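**Student:** Next up is a structure, given as structure tokens.
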Amino acid sequence: MSWQNILKAPRKKQLTDDMREVSRALISLSDDKLEQGVVDFVKETNMKRSKILETLSRISGHLRSAPTETYFDEEPFNVKHAYKDRRKLSTFIDKINEITMIINTIGKDGEIRENKKIIKKLYEDDEYDKMVQYLNGEISFSDKAFQNQNELVETKKEVGESGVSQRLDNFSSLLKDNKSARRKLLNTEAFSKPEVVGYKIKKGTNIVLPVAGDEVDSIVEASGLKLKVNPIVKSEDGKMEIGGKDVSSVLENAKIKSDIVFAFTGFPEYVTREQILPLGGGVALDSTFELPSFVDESKEVTLDLDMIENFKIGKKININRTPIAKALKLEPYVEFKKTYRKNIITDDRETISRQKEMTDNVDDKTAIEYFKEIMKIGAGKKKRGQPTERRSTVENRRFLQGTSSWFQKQIDNYEQNFRVFDIFFDNKNSKDLETVLDSILTESRTPVKTDRVLEQLKHLASYQDESKFKEYFDLEEDLIEFIIGEYKRIQEGDSVSNTEWAKIIIPERTGRFNESRVDLQTRLLSALPDIEKRFTRTITLNKKERDTILSVLADSLGSDTSDLDIDEDYIEDVEDVIIEEIGDIEEDENGEEVIPPFYPTTKSFLENMELNDNVYFKDRVPFKMFNLVNKLKSVFGEEEEANVPDTIEVTEYTFTKLFEKFAQFTKGLDSKLNGNRDLNTLYKKIDKNNNEKIDADENQEAPIRDFKKQVLLRYSEMRESLLNEIKESIKITLKENLLRNPKGKSGKDIEPISWLKDKGITGL
């Protein structure tokens with residue numbers, strides 16, 4: 001070819017340098033290394049991110065253009081005459097799209113921005129264990145699979161510190177203003193571990209508290225930890241010493257001036273909030289009984305609440321929240337005190353642990369009278385059958401300071417809850433309360449023949465076969481497993497006695513009961529009427545049917561069959577059914593016949609049927625016998641119908657509006673004042689539609705009965721907590737010498753200080 005023709009020939013289209021660099025660096029990456037490879041390339045290349053995206057767009061455009069293009073004859077493509085294999089080109093296009101997506105998810109820090117919706121998906125699917133692993137950077141999920149199929153597919157992606165931090169930030173932002181979600185997570189097993197949601201304590205840390213000696217044991221007991229306690233005592237020369245070491249200057253810097261001080265140590269690496277709370281308000285010292293400091297205090301350090309020493313003197317502390325605990329807004333240890341108080345340590349312990357040891361001369365009766373008098377302040381005209389109407393709660397709140405926010409809310413709603421308050425005030429113990437509850441909660445019952453039903457269940461459980469259960473009735477699999485498991489458990493003890501077997505339907509709620517087991521027992525108890533319907537049966541056979549069946553069994557057992565009325569037409573069919581249900585007669589290794597144990601049992605059953613008007617019958621038939629005979633009767637063209645008894649147990653409650661208010665009040669009281677959420681949980685089982693009230697159809701026996709029992713069990717502690725709230729307010733009233741506001745004065749209203757003085761209560 002002449003040089004003129006060469007100049008006229010079309011020039012071969014080739015990738016630019018930028019296109020070639022991007023292609024070889026990114027498109028050649030394998031799928032498992034794609035994400036990290038893209039991140040590394042963006043970090044290391046001199047190309048701007050916008051230039052990379054532009055280059056990828058140009059490559060993709062050329063892949064989609066006319067099939068005569070020669071761009072892709074070189075690496076990494078090697079697609080000669082691209083128009084011949086468009087599918088291969090599509091693979092490259094898909095990869096470019098994925099690379100583009102990855103680049104667009106890279107944040108300013110150069111790391112992949114985690115998809116917030118992944119955490120939301122884990123929460124919605126109740127995958128709490130995986131959520132913890134994800135937040136800690138232990139596992140990752142394919143962003144591609146999640147975006148395309150909304151599926152969480154685990155990958156081997158490694159996550160650095162910044163990635164973990166980003167996940168925690170996303171987690172925190174998703175939980176913002178969502179208290180119910182935060183509460184739900186804190187109550188799950190996955191988030192209850194101290195190393196997940198708790199406080200990390202440096203080895204050798206001492207928490208110093210100026211407390212009386214008789215408090216020490218109760219603090220250790222409340223923490224549930226095996227702690228060592230060392231007294232810090234005052235020597236003859238006035239120095240505060242521990243083990244001969246002078247710590248006076250340390251205690252002075254920590255503003256501890258008490259002569260009675262104890263140091264608590266021996267903490268595990270991680271503790272829960274409940275474990276560290278009894279030691280709230282203390283000062284954390286290191287193993288040498290010094291306030292810990294930064295390694296290099298000359299360096300500028302960014303402090304968060306977990307790194308600020310108790311009195312904000314710029315020292316590092318040894319008690320820090322776990323990262324997930326921070327995201328869930330758990331209070332830092334430094335916030336276990338109120339720094340504005342003069343005596344930080346002592347007052348903070350009162351605030352945190354709510355130790356309400358009142359003065360001896362404030363008894364329960366006086367506290368109740370005080371509350372009722374206070375609630376009359378600012379009251380309007382009394383309506384018949386109603387408490388006095390208050391114009392304002394300002395004065396009532398002033399003289400009920402020191403109480404919890406929950407208690408304050410009840411004050412504001414006193415008109416709605418005054419009768420509930422009266423129930424607590426008027427009834428000193430659970431025995432008295434039970435009578436009241438019976439009056440506002442009535443029940444109707446019909447007897448159930450549980451002994452008959454349980455006997456049939458025992459026979460069924462003896463098969464140890466779930467499929468046998470399903471032949472008779474539709475019962476949840478976990479209940480079937482429970483029944484069979486209980487049979488096995490009791491059988492291991494020798495035999496399944498009726499006394500022990502009956503306990504499978506009696507929920508145990510004393511001591512540390514198994515909540516899951518109680519739930520199964522309660523559901524089984526509720527299912528007994530339906531089970532009874534299925535199990536209560538009567539079998540009837542005419543003489544020819546009975547004798548034909550008996551003949552097959554008798555012949556096999558070598559018994560005389562001469563006096564039997566046999567229908568030879570059905571012999572073979574009957575024999576097939578018997579073999580199918582109870583097995584065939586086989587020979588052992590010695591050539592002797594082995595007869596299934598059900599053969600003689602069935603024969604005996606048939607022989608003992610009662611004859612009445614040429615019909616043999618038997619009542620209360622075990623299910624296994626009924627099943628066999630029913631199948632045999634089908635050979636003769638008929639089947640037995642179940643004989644359902646007229647009476648079965650149905651228990652329902654009729655409750656008043658007062659019971660509903662009482663239930664809501666008690667569940668709030670026990671949860672907010674005592675930290676016990678059992679009543680909350682039980683109330684949810686009553687309130688099936690979660691509308692925070694008991695509707696007319698929410699009257700089943702088991703949930704209301706369980707709630708009532710728990711109330712009676714917890715009543716003494718709840719009543720004491722309620723009265724202690726009032727006593728706490730008396731303490732504040734006396735301490736601050738509170739007087740009535742002039743504008744609120746009325747001749748009939750009391751002056752609290754004067755009223756208390758008249759009762760002989762002048763101070764604490």
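Values in this text are rule-based calculations from the coordinates and carry no lab data. Everything quoted here is computed from the prediction, not taken from an experiment. Note that each Cβ is placed from the backbone with ideal geometry, even for glycine, and that neighbours are counted across all protein chains shown.
**Student:** Is segment 538-635 best put as rounded, prolate or oblate by its Cα gyration tensor, with a ≥ b ≥ c the root eigenvalues, rounded for a/c under 1.5, and otherwise prolate when a/b is larger than b/c, oblate when not?
**Tutor:** The shape class here is prolate.
**Student:** Can you pull out the trypsin sites (Lys or Arg not before Pro) in segment 15-46 whose DSSP state is coil and whose Cβ has at most 14 other Cβ atoms within 10 Å?
**Tutor:** In loop regions of segment 15-46 (DSSP not H, G, I, E or B), there are no sparsely surrounded trypsin sites (Lys or Arg not before Pro).
**Student:** Just want to confirm a number: the relative contact order over segment 538-635, from Cα pairs under 8 angstrom separated by 6+ residues, in percent.
**Tutor:** That works out to 40 percent.
**Student:** For VAL615, what charge total do you get from the other residues with a beta carbon under 10 Å from its beta carbon, if Lys and Arg give +1 and Asp and Glu give -1?
**Tutor:** Within the 10 Å Cβ shell, the charges total -1.
**Student:** Then there's this: For the cross-link pairs LYS184/LYS672; LYS684/LYS709; LYS428/LYS693; LYS470/LYS624, which exceed 22 Å when the distance is taken from alpha carbon to alpha carbon?
**Tutor:** Pairs exceeding 22 Å: LYS428/LYS693.
**Student:** Further question on the same structure: Roughly how many nanometres apart are two label points built 7 Å out from the Cα toward the Cβ at LYS117 and LYS48?
**Tutor:** Using points 7 Å along Cα→Cβ, the separation is 3.1 nm.
**Student:** Here's a follow-up. Assuming R0 = 25 Å, can you tell me the calculated FRET efficiency for the pair LYS372 and SER218, based on Cβ-Cβ distance, to the nearest 0.05?
**Tutor:** Efficiency, from the Cβ-Cβ distance: 0.15.
**Student:** Here is a further query. Label LEU739 and GLU274 with points 7 Å out from Cα along Cα→Cβ: what is the distance between them in nm?
**Tutor:** Label-label distance for LEU739 and GLU274, simple model: 4.7 nm.
**Student:** A follow-up question, please. For segment 413-421, what does the Karplus curve 6.51 cos²θ - 1.76 cosθ + 1.60, with θ = phi - 60°, yield as ³J(HN,Hα) per residue in whole Hz, taken in order and with x for Gly and Pro?
**Tutor:** Once θ is set to phi - 60°, the couplings for segment 413-421 become 9, 4, 4, 7, 10, 4, 5, 5, 4 Hz.
**Student:** Can I ask one more? Testing the spin-label approximation: label points 7 Å from Cα along Cα→Cβ at TYR463 and GLU151. State their distance in nm.
**Tutor:** Roughly 3.8 nm, to one decimal.
**Student:** Could you calculate the FRET efficiency of LYS543 with GLU138 from 1/(1 + (r/R0)^6), where r is the beta carbon distance between them and R0 is 60 Å, rounded to 0.05?
**Tutor:** Efficiency, from the Cβ-Cβ distance: 0.20.
**Student:** Once you have the Cα-Cα distance between GLU477 and LYS228, take 0.36 nm times their residue separation minus that, and quote the gain in nm to one decimal.
**Tutor:** Gain on stretching GLU477 to LYS228: 84.7 nm.
**Student:** If amide hydrogens are placed 1.01 Å from N in the peptide plane, which non-local residues have theirs closer than 5 Å to the one on PHE262?
**Tutor:** Under 5 Å from the amide H of PHE262 lie the amide H atoms of LEU209, VAL211, ILE232, each far enough along the sequence or on another chain.
**Student:** Two decimals, Cα atoms only, Kirkwood Rh: what is Rg/Rh over segment 116-186?
**Tutor:** Over the Cα atoms of segment 116-186, Rg/Rh equals 0.95.
**Student:** So if R0 is 56 Å, what FRET efficiency would GLU720 and ARG620 give, r being the distance between their Cβ atoms, rounded to the nearest 0.05?
**Tutor:** Efficiency computed from Cβ-Cβ geometry: 0.60.
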